[in-house]
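Report on one structure; see the data block that follows.
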Amino acid sequence: MSHSSIEHGEKALLDFYKNEQFQEALDWLQEATLPAPALHYNQGVFHYKLNNLGQARFHFEKAQKLDFSPHLVEENLSLVKKQLGYTHMEQPVGPWQSTQFFFWNQSSEVFLLISLLLLLSLLVLLRKTFWNFSKVLLLSLCFVPLLVKLVFFSSVQKAVVLDERELYSGPAQFFETLGVVPEGVMLHLGQRQKDWVFVLHPKAYRGWLQSEGIGTL
């Protein structure tokens with residue numbers, strides 16, 4: 001995208017903002033060719049001005065994931081979370097949930113790095129010992145964190161509820177309704193069946209949701 005196009009886009013968005021044409025700005029952004037980080041950030045801003053808090057949080061979270069101006073995004077994201085008011089339930093409770101969160105929220109690359117650092121440390125410590133089965137077994141254990149991530153946690157996805165959704169005990173609408181998941185909640189998703197997803201966390205919303213109306217991060 002050329003420098004002049006970026007300047008034109010910034011001017012158009014500023015005019016929309018000054019004139020409080022928030023929906024018009026969102027319509028314009030649907031057709032815009034802005035870089036993805038800037039696109040999500042601006043969508044977050046205008047959804048926030050329209051009080052679409054679920055949509056606003058989703059787009060700010062996407063902008064944060066794409067490393068768009070971290071301080072600016074974090075400031076706006078904090079405003080949205082404060083207005084939502086119930087994000088405390090998203091936090092892990094107890095050591096087991098804290099461990100799950102660690103595996104859910106770190107990439108496979110992080111666990112590969114951890115495994116390689118463990119391997120390097122052990123090689124240094126054991127450099128003067130003879131090679132035997134015990135040594136090989138000990139070195140292979142360095143890759144356990146990476147294997148755990150790949151086998152048990154790699155399919156878990158994070159998502160934000162864009163608008164209020166009904167929660168079911170199974171992946172169809174004829175199952176029992178368990179309640180309603182409000183907009184803006186951050187979810188960790190597990191199993192999928194067609195257009196249904198199973199919520200692993202928060203525990204208060206564990207059950208099945210239709211994937212429509214959920215923004216995957």
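Test Gln55 against the stated conditions and say whether it is free of Cβ contacts under 8 Å to residues at least 24 places away in the same chain and within 21 Å of Leu29 (Cα to Cα).
Judged against the criteria, Gln55 is not a match.
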Original post:
Among all residue pairs at least 6 apart or on different chains, which show Cβ distances below 6 Å where the first residue, located in region 1-26, is surrounded by 11 or more Cβ atoms within 10 Å (Cβ to Cβ) and in a helix (DSSP H, G or I) and the second is at pLDDT below 90 and among the aliphatic types (A, V, I, L, M)?
Top reply: Gly9/Leu34
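Please note which helices (runs of 4 or more DSSP H) are completely contained in region 76-140 and include at least 2 residues that are among the hydroxyl-bearing types (Ser, Thr, Tyr) and in contact (Cβ under 8 Å) with a residue 24 or more places away in the chain. Let's see the steps before the verdict.
Values: elements: 94-105, 108-125, 133-140.
Of the helices (runs of 4 or more DSSP H) lying wholly inside region 76-140, those with at least 2 residues that are among the hydroxyl-bearing types (Ser, Thr, Tyr) and in contact (Cβ under 8 Å) with a residue 24 or more places away in the chain span 108-125.
Would a scan of region 62-74 turn up a residue that is assigned to a helix (DSSP H, G or I) and of a type in the set (Lys, Arg)?
First, the residues of region 62-74 that are assigned to a helix (DSSP H, G or I): 62-65, 70-74.
Then keep just the ones that are of a type in the set (Lys, Arg); that gives 62, 65.
For region 62-74, residues assigned to a helix (DSSP H, G or I) and of a type in the set (Lys, Arg): present.
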Original post:
Does region 156-163 contain at least one residue that is touching a residue at least 60 places away in the same chain (Cβ under 8 Å), assigned to a helix (DSSP H, G or I) and under 30 Å from Ala56 (Cβ atoms)?
Top reply: no
Subject >> Any chance Gln91 is under 15 Å from His201 (Cα atoms) and modelled with pLDDT under 85 >> reply: yes
Subject >> Positions within region 176-216 being loosely packed, with under 14 Cβ neighbours inside 10 Å, touching a residue at least 24 places away in the same chain (Cβ under 8 Å) and under 12 Å from Leu162 (Cβ atoms), in sequence order >> reply: Thr216
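The values are calculated or read from the model by the stated rules, or taken from the named source; none is laboratory data. Since we're looking at a predicted model, the values are computed, not measured. Backbone-built Cβ (ideal geometry, glycine too); neighbour counts: all protein chains shown.
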